[in-house]
Amino acid sequence: MRWSKALIPTLKETPADAVAPSHKLLLRAGMVRQLGAGAYTYLPIGFRVLSKVVRIIREEMDAAGALELLMPALQPVELWKESGRYETFGDLLMQLKTSSDQHFALGPTHEEVITDLVRDLVRSYKQLPVTLYQIQTKFRDEPRPRFGILRTREFLMKDAYSFDANVEQLNDSYDAMYEAYCRIFDRCGIPYAIVEAESGPIGGDSSHEFMVPSSTGEDTIVQCPACNYAANKERAEIGAPSEAPAIPAATPDAPSPAPVETPNRRTIQEICDFLKITEAETAKLLVFLADGRPVAALVRGDHEANEAKVRRAFGATTLTQADAPTIEKATGAPMGFLGPVEIKIPLAVDRSVAAMPTVVVGGNKLDVHLTGVVPGRDFPLDKVLDLRNAVGGDPCPKCGRLMVENQGIEVGHVFKLGTKYSRAMGAHFLDDKGQEIPVIMGCYGIGVNRIVAAAVEAGHDDNGIVWPLSLAPYHVLIAPLQLNNPAVMEAAEALEKKFEAAGYDVLVDDRDQRPGVKFKDADLIGIPLRIVISERGLKEGTVEVKWRTDASAHNVSAATADEAILAELETTRRGMENVSAERRISRAASRGQ
RNA sequence: CGGGGCGUAGCGCAGUUUGGCUAGCGCGCUAGACUGGGGGUCUAGAGGUCGUGGGUUCAAAUCCCGCCGCCCCGACCA
């Protein structure tokens, strides 16, 4: 391909709207253009990158035995009402009506459509297991699209769904997808961490997210530096504190709780400012409805309650925050002054509160708080659990080392669904005993555009993008410097033909531009290998070779440049493959343990 | 949805406070000349519903009101 024909509108200046590095660079490199909030055009070289990601995904999904199909984005809302997600998805669901007043949704995901399909097509255990996938544009009415192509209203997603006859099959299907995902992200050349994610009522290790570490990531993960424990912040468990006893012995002669007037101070911040104490010396009582029943959770003032942990603490299947009237009715105290002392509803206490010698809490009376409250003496500690979100510095639940907190971009998610949809929508089959039972499902998503964004977030420098070889729009950029010199142009074309014959994508910068312009653009669009052919070089019998990842260039003999450069390309390509292979082997080994 | 900011040429911006002549500058673009290894120089050009609708005024990019769009923080994110 000739640069002059390639439509690569690079920008010298950064568009003012862009903040995230990937957004800035993809715009400047002429890879994407914004149409509106959360809607982007992929220009030719950006589309080439996206297509390469798609190809890798497709190859690995096929290799894992999944079957590709294509479902409509246009879906009758009746299906969504059937599954119950018309309500739970809410405003995120993009909806429209046809001229004949039929009500449709644009698919944000396809559990409903695929379950509808499978309930018709799968009648026997003999048809199971089966995993189906598609690569398709999804729509979500995001309240706030962000960070360029990272969070958009319209995006490309690979979504797969497994259907199994029993839990063993589900586990195998899940493991196959998990392994395929590792291979996909390895081949894409992006760094990633696999973290445990909140998985709903099924529990266990049945949901994992694939996260690319990045400060622009919208997700927070906590990781143990010592063992391999890593989890989404919402999911992470917190190890028991190593030194302090879980429940300190209550000092019998400690002074009784002292009520203090705290007029109009409701928030933890206001209380702390007023009483000149730190948030860590206080505790807040939160009221939830656990399966409709009011319950209370007490966490330290500087901590966040984790709703999933609270839900499990009360053995509930649903948990919602109680609104102000409900709270007042259940506790008799106004919001902002709630406390655990003589509370009338079931109480669970976070471990870190139980470990405090004294604590400042609400007085269950308007404008009153209590200081010097002793856990265990002034309120019961019969339900002490981990109830809060983990933060950096908390002990690892497996080995006790202090965990660290990082931001990440979620590029993939694997999830055991169980029978949620098959029950709701009646997708049953006959097992080998002739019993009709709901099919067991798993779902597996990859954000294709996000891989592109994440690759840029993980691979860039001051000069531009640094693509991994496998995702680069072109593998090689050949830059002849003197367009009017036939020898230079012939050498460039000869190399172009050789590389293309060997299966590499080649871009020839045939623009009549000064070398500086060509070099700057080459760095900006991030082509892994740059070949410079110049009069000067040819006079010396050399062509210049520079890898985007290297600080400086080196020369090879012009006479044997084709072979020498192809050898370098092969080495790099094989290097990436070797990394993938080694990781595959070590994963297999750790599974074997 | 709450808070903040912005909308003037493809991109980056000035001009708006205090209304006033053909609305400017840099980059990019077109033509030409010189130049030729890290975004060159010069000359000559093209390119604008000043987001949009209304109002005030002799006169509106500028003042007033409505609407639309975009960005950031927060809320939200099966």
(message) Between a residue in the range A:117-138 that is of a type in the set (G, A, S) and any residue that is part of a strand (DSSP E or B), which pairs come within a Cβ distance under 8 Å, given they are 6 or more apart or on different chains?
(response) A:S124/A:F429; A:S124/A:L430
(message) Quick test of your reading of the structure: A:E570 fulfils all but one of (1) over 34 Å from the mean Cα position of the chain (by Cα); (2) part of a helix (DSSP H, G or I). Name the failing condition by number.
(response) (1)
(message) Show me the helices (runs of 4 or more DSSP H) entirely contained within the range A:226-345 in which 3 or more residues are out of contact with any Ser or Thr (no Cβ under 8 Å at 6 or more places or on another chain) and among the charged types (D, E, K, R).
(response) A:307-313
(request) Check A:I271, A:I190 and return the single one that is at pLDDT below 85 and surrounded by 19 or more Cβ atoms within 10 Å (Cβ to Cβ). (result) A:I271
(request) Being under 26 Å from A:N232 (Cα atoms) and in the same structural domain as A:T282 (by TED's automatic domain parsing) narrows it down to one of A:D350, A:D394, A:D378, so name that one. (result) A:D350
(message) Name the residue that is farthest from RNA strand B (Cβ to nearest atom), counting only residues in the range A:460-469 that are surrounded by fewer than 24 Cβ atoms within 10 Å (Cβ to Cβ) and more than 13 Å from A:I184 (Cβ to Cβ).
(response) A:L469
(request) For residues that are crowded, with 16+ Cβ neighbours inside 10 Å and not in a loop (DSSP other than H, G, I, E, B), scanning just the range A:504-519, find the one that is nearest to RNA strand B (Cβ to nearest atom). (result) A:F519
(message) Just to check your reading of the model, which residue among A:F155, A:F163 is away from RNA strand B (no atom under 16 Å from the Cβ) and part of a strand (DSSP E or B)?
(response) A:F163
(request) Report, by residue number, each residue of the range A:118-152 that is more than 12 Å from RNA strand B (Cβ to nearest atom) and either in contact with a His (Cβ under 9 Å, 6 or more places away or on another chain) or assigned to a loop (DSSP other than H, G, I, E, B) (or both). (result) A:R119, A:V122, A:R123, A:L128, A:P129, A:Q134, A:Q136
(request) Of all residues in the range A:397-412, count the ones that are in the same structural domain as A:V113 (by TED's automatic domain parsing) and closer than 16 Å to A:A308 by Cβ. (result) 0
(request) For the range A:393-400, indicate whether the set of residues that are charged (D, E, K, R) and surrounded by fewer than 20 Cβ atoms within 10 Å (Cβ to Cβ) is non-empty. (result) yes
(message) Just checking, does the range A:486-493 include any residue being within 16 Å of RNA strand B (Cβ to nearest atom), buried (at least 20 other Cβ atoms within 10 Å of the Cβ), small (G, A, S) and within 19 Å of A:S552 (Cβ to Cβ)?
(response) no
(request) Might you check whether a residue that is in contact with a strand residue (DSSP E or B) (Cβ under 9 Å, 6 or more places away or on another chain) and within 16 Å of RNA strand B (Cβ to nearest atom) occurs anywhere in the range A:567-590? (result) no
(request) Collect the residues in the range A:206-225 that are crowded, with 19+ Cβ neighbours inside 10 Å, part of a loop (DSSP other than H, G, I, E, B) and either at pLDDT 95 or above or within 13 Å of the chain's Cα centre (by Cα) (or both), keeping them in residue-number order. (result) A:S214, A:T216, A:G217
(message) Suppose we filter A:I478, A:I525, A:I533 for residues that are more than 11 Å from RNA strand B (Cβ to nearest atom), among the β-branched types (V, I, T) and surrounded by 19 or more Cβ atoms within 10 Å (Cβ to Cβ); which single one remains?
(response) A:I478
(request) Among the strands (runs of 3 or more DSSP E) lying completely within the range A:8-89, list those that include at least 2 residues that are closer than 22 Å to A:E154 by Cβ and within 14 Å of RNA strand B (Cβ to nearest atom). (result) A:32-36, A:39-42
(request) For the range A:154-187, name all the residues that are among the β-branched types (V, I, T) and surrounded by fewer than 23 Cβ atoms within 10 Å (Cβ to Cβ). (result) A:V167
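Here is a yes/no grid of residues against (1) touching a Leu at 6+ places or on another chain (Cβ under 7 Å); (2) under 30 Å from A:C227 (Cα atoms):
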position	(1), (2)
A:L507	yes, no
A:K539	no, no
A:V543	no, no
A:A551	no, no
A:T560	no, no
A:N578	no, yes
A:R583	no, yes
A:R587	no, yes
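The values are calculated or read from the model by the stated rules, or taken from the named source; none is laboratory data. Everything numeric in this text was worked out from a predicted model, so none of it was measured. Note that we place each Cβ from the backbone using ideal geometry, even for glycine, and neighbour counts take in every protein chain shown.
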